[in-house]
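Peer 1: Okay, here's the structure, questions in a sec.
Since every read-out is calculated from the coordinates, none of them should be taken as a lab result. Since the structure is predicted, the reported quantities are computational estimates derived from the model, not experimental observations. Please note: Cβ atoms are built from the backbone with ideal geometry, for glycine as well, and neighbour counts cover all protein chains shown.
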Amino acid sequence: MFYHSTRGKGGAVPASKAILEGIAPDGGLYVPSEIPKLDVSMEALSQMDYGQVAYEVMKLFFTDFTKEELQACIQKAYSAEKFDIEEIVNLTEQGGVYFLELFHGETIAFKDMALSILPHLLTLSAKKNDCKEEIVILTATSGDTGKAALAGFSDVPGTKIIVYYPKDGVSRIQEKQMVTQEGENTHVIGILGNFDDAQNAVKEIFQDEDLKQQLLEKGYRFSSANSINIGRLIPQIVYYVYAYTRMLWEKINFVVPTGNFGNILAAHYAGRMGVPIHKLICASNENKVLYDFFDSGIYNRNRTFFVTSSPSMDILISSNLERLLYEAAEEETAGFMDQLKNQGSYEIRDSMKELFSDFVGGFASEEEMEESILMFYRETGYVMDPHTAVAKAVYDKYQKETGDGTMTVIASTASPYKFLQSVLHVLEPSKEDAGDEEAVRSLWEISKVTVPNAVMEIMHAPTLHNRVCEKTELKNTILDLLNISKKSYL
Ligand SMILES: *Cc1c(COP(=O)(O)O)cnc(C)c1O
């Protein structure tokens, strides 16, 4: 199995190289040369635990890793130490629909599903490619990726991680999770700016050839933990195969609250591997650029950006969509991406649209999301976080319109404790502005869901990171952290 770029330039590379590089040299995303079919039966998979299913999926994609290597990665990632339930993910039926809870990892959001294994895949990939340098992970985060990457890379030998987050742009719990992060090799810095500023500054650093050279001389090499890395994408296929094989229904729908299009793309890959998917329902919040795309064939990012209570879906450029587009547009992909960059939009032909017929787009407003949390709680007692609630609201609308009776699983991407204030705003407004401890207790009383360790731990944890920098100062913070003198750099 080899990987090549969606933009068509450059040869095929093995998985380990694609993982190490993250993004292809021509700026495209790595895609596998084919999507393999599962080579064990669904019945056999239905008897396997999460780690075993993970191996059956990953062995087909990461073919330059040995069985022992892959199994060691899987064992380290999906352990009782890192997840608060033995099953790793939980499939629960509530009010006639199933929720696939992907938030039982260390940072209580679905990013843990992939970021718990990425560090192990990455350090092995470095070895396989004779990379002698220490790997420096640079990540800009709007909240969830940062903490999950910190937890994943904390004290992993041969790596350092530096995370930049918008100082005033993340939830209280999210910030607390990051600034209390332990680990000799972890660094967290608040940026005086918004997420786009952080993201752009990090992108500039990746393109700075002088800096790259300077780092190499000192024995460092940059890499990234963001969601376009196939080392994140492939591990996400596993839970769709796992969920389907718990039930072995004739057909299945998945509803996925979507931002960067990584999670739902993994579901699509699971379908191509053999899971009998009827519809993939792509749920957006008010930033409904994907809904419009599936509806009209026009992707247009020239629009108002809304800040919502589901911040991990507040995104206007869904990077991973490029991989789906490539399935239909092939060598035209680079042209569409140029249009997106230069004009902010592109339009695909009808014949291409037909190839995406397993996808249905939907969106929910803030009001519909809140209504969904409230009504579903009254009906079932189950408390959804705002991202999951967007998906539920979209599914309800879809069902009403189509009458589709296919068994359906909603990807539940975050614990309600992670978005405490937004959830209390709906269910117990009097506690919305309470202190963290009181707020946590209040949600516990409402939901009867055990408070996750991730929340307990940070309540009294000391702040270990308090650095703040201007958005123009990013490079200096890196030189400083890596002990590279600015003088020798100049
Ligand atoms: C990242 C994230 C999403 C969006 O996932 P994508 O793979 O970017 O589409 C949804 N919900 C939560 C809680 C997230 O952290």
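Peer 1: Could you run the Karplus curve 6.51 cos²θ - 1.76 cosθ + 1.60 with θ = phi - 60° over the stretch 246-253 and give me ³J(HN,Hα) per residue in whole Hz, x for Gly and Pro?
Peer 2: Whole-Hz 3J(HN,Hα) from phi for the stretch 246-253: 6, 10, 6, 5, 5, 9, 9, 10.
Peer 1: Considering only DSSP beta bridges whose two residues both sit in the chain, what percent are antiparallel, to the nearest 5?
Peer 2: In the chain, approximately 25 percent of DSSP beta bridges are antiparallel ones.
Peer 1: Need one number: the % of Cα-Cα pairs in the stretch 363-473 sitting beyond the 19 Å mark.
Peer 2: 53
Peer 1: So, one more: Can you give me the relative contact order of the chain as a percent, contacts being Cα pairs under 8 Å and 6 or more apart?
Peer 2: 18
Peer 1: In debye, nearest 20, what is the charge dipole magnitude of the stretch 424-475 about its Cα centre with +1 on Lys and Arg Cβ and -1 on Asp and Glu Cβ, if you could check?
Peer 2: Roughly 260 debye, rounded to the nearest 20.
Peer 1: Cα convex hull of the stretch 26-77: mean projected area in nm², to one decimal?
Peer 2: 4.8
Peer 1: Which cross-chain or sequence-distant (5 or more) residues have an amide H under 5 Å from the amide H of THR408, H modelled 1.01 Å from N in plane?
Peer 2: TYR98, ASN253
Peer 1: Among the GluC sites (Glu not before Pro) in the stretch 246-325, which ones are in a DSSP loop with at most 13 other Cβ atoms within 10 Å of the Cβ? Mind listing them?
Peer 2: GLU250
Peer 1: With the dipole of the chain worked out from charges on the C-beta (+1 for Lys and Arg, -1 for Asp and Glu) around the Cα centre, which of MET384, MET247, ASN320 lies farthest toward the positive end?
Peer 2: Farthest along the dipole direction, towards plus: ASN320.
Peer 1: Which of the listed residues, GLY146, ALA393, ILE478, is farthest toward the dipole's positive end in the chain, when Lys, Arg count +1 and Asp, Glu count -1 at the beta-carbon?
Peer 2: Going by the Cα projections, it comes out as ILE478.
Peer 1: DSSP loop (so not H, G, I, E, B), at most 14 other Cβ within 10 Å: list which chymotrypsin sites (Phe, Trp or Tyr not before Pro) in the stretch 295-396 pass both filters.
Peer 2: Passing sites in the stretch 295-396 are PHE305, PHE306.
Peer 1: Where the only charges are on Cβ atoms (+1 Lys, Arg; -1 Asp, Glu), what is the dipole of the chain about its Cα centre, to the nearest 20 debye?
Peer 2: 960
Peer 1: State the extension gain, in nm to one decimal, for the chain segment bounded by GLU68 and ALA12, taking 0.36 nm per residue of separation less the distance between their alpha-carbons.
Peer 2: 17.7 nm
Peer 1: Show which lysines lie in cross-link reach of LYS448 when reach means a straight Cα distance below 18 angstrom and same-chain residues fewer than eight apart are skipped.
Peer 2: LYS418, LYS431
Peer 1: Counting just the Cα atoms, what span does the stretch 245-322 cover along each of its three principal axes? Round to the nearest Å and put the largest first.
Peer 2: Largest to smallest, the principal-axis extents are 42, 27, 18 Å.
Peer 1: If I take all pairs of Cα atoms in the chain, what percentage of them are more than 38 Å from each other?
Peer 2: For the chain, the share of Cα pairs beyond 38 Å comes to 20 percent.
Peer 1: Among GLY51, LEU20, PHE61, which residue has its Cα furthest toward the positive end of the charge dipole of the chain, with +1 on Lys/Arg Cβ and -1 on Asp/Glu Cβ?
Peer 2: LEU20
Peer 1: Could you state the number of Å between the C-alpha centres of the stretch 88-149 and the stretch 348-425?
Peer 2: 22
Peer 1: Also: Separation between the ASN200 and ASP404 pseudo-spin-labels, each 7 Å from Cα along Cα→Cβ, expressed in nm?
Peer 2: Each label point is offset 7 Å from its Cα along the Cβ direction, giving 3.8 nm.
Peer 1: Next question, about the same structure. Computed over the Cα atoms of the stretch 192-348, what is the ratio Rg over Rh, Rh following Kirkwood?
Peer 2: Here Rg/Rh amounts to 1.01.
Peer 1: Taking the alpha-carbon distance from LYS76 and a cut-off under 20 Å, which lysines remain once sequence neighbours fewer than 8 residues away in the same chain are dropped?
Peer 2: The qualifying lysines are LYS59, LYS67, LYS111, LYS127, LYS128, LYS147, LYS160.
Peer 1: For the stretch 43-124, with only Lys/Arg (+1) and Asp/Glu (-1) charged at the beta-carbon, what is the dipole magnitude about the Cα centre, in debye rounded to 20?
Peer 2: It works out to roughly 280 debye.
Peer 1: At 4 °C and 1.567 mPa s, grab the translational diffusion coefficient of the stretch 301-424 from Stokes-Einstein with a Kirkwood Rh over Cα pairs, rounded to a whole number in µm² per second.
Peer 2: In µm²/s, the coefficient is 77.
Peer 1: Can I ask one more? Arranged from highest to lowest average of other beta-carbon atoms within 10 Å per residue, in what order do the peptides 161-174, 142-155, 438-451, 124-137 appear?
Peer 2: Top to bottom by mean Cβ count within 10 Å: 142-155, 161-174, 124-137, 438-451.
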